[in-house]
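Here is the structure we will look at, set down as structure tokens.
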Amino acid sequence: AEKRVRQSARRHVRNKASLSKMKTLVRKVRSATEKEKATTALKQAVQYLDQLAAKGVIHRNKAANQKSQLTRLVNSMK
């Protein structure tokens with residue numbers, strides 16, 4: 001049980017850092033004003049969302065929903 005506590009503490013720190021980075025990348029896409037910058041930010045965000053979903057940090061449906069939403073936002077830009 002003590003080992004589990006240590007493991008979950010390490011994972012908690014790693015997951016928290018990953019989620020923070022994910023939020024930052026999503027924020028970059030949303031705050032981008034030019035379509036070119038938004039497209040490059042979207043590419044980074046999508047890649048990272050896929051990584052987190054593969055590792056099980058976030059659910060794959062959450063990743064898919066976020067990617068869809070961000071893609072719609074970027075496509076609607078002029």
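In deg cm²/dmol, rounded to 500, what helix-only [θ] at 222 nm does the chain give when every DSSP H run of at least 4 residues adds -39500 (n - 2.57) and the total is split over its residues?
Mean residue ellipticity, 222 nm, calculated: -30500 deg cm²/dmol.
Give me the Kirkwood hydrodynamic radius of the chain in Å, from all C-alpha pairs, to one decimal place?
13.4 Å
What part of the accessible area of the chain, given as a whole %, is carbon or sulfur when the probe is 1.4 angstrom?
Carbon and sulfur atoms account for 51 percent of the accessible area of the chain.
For the chain, which DSSP H helices look membrane-span-like by this rule: Cα extent along the axis of 18 Å or more and mean Kyte-Doolittle of at least -1.0?
What comes out of the filter, once short or polar helices are dropped, is 35-55.
Under a GNM of the chain (C-alpha, springs under 10 Å), which listed residue has the highest mean-square fluctuation: Ala38, Ala63, Ala54?
Ala54
Can you give the FRET efficiency to the nearest 0.05 for Thr39 and Val5, using r as the Cβ-Cβ distance and R₀ = 35 Å?
Rounded to the nearest 0.05, the efficiency is 0.20.
Enumerate the lysines that Lys37 could reach by cross-link, defined here as Cα to Cα under 21 Å, with residues fewer than 8 away along the same chain left out.
List returned: Lys21, Lys23, Lys28, Lys67, Lys78.
Any idea how far apart Asp50 and Lys28 come out in nm if each label point goes 7 Å out from Cα toward Cβ?
Distance between the two pseudo-spin positions: 1.7 nm.
Given springs between every Cα pair under 10 Å in a Gaussian network model of the chain, which of Val13, Val29, Val57 has the largest fluctuation?
Residue with maximal mean-square fluctuation among Val13, Val29, Val57: Val13.
The values are calculated or read from the model by the stated rules, or taken from the named source; none is laboratory data. What you see is a predicted model, and the numbers here were worked out from it, not measured in a lab. All Cβ positions, even for glycine, are placed from backbone atoms using ideal geometry, and neighbour counts span all protein chains on display. The protein model used for the area step is the full one, side chains on, heavy atoms only, and it has no ligands, DNA or RNA in it. Shrake-Rupley method; radii C 1.70, N 1.55, O 1.52, S 1.80 Å.
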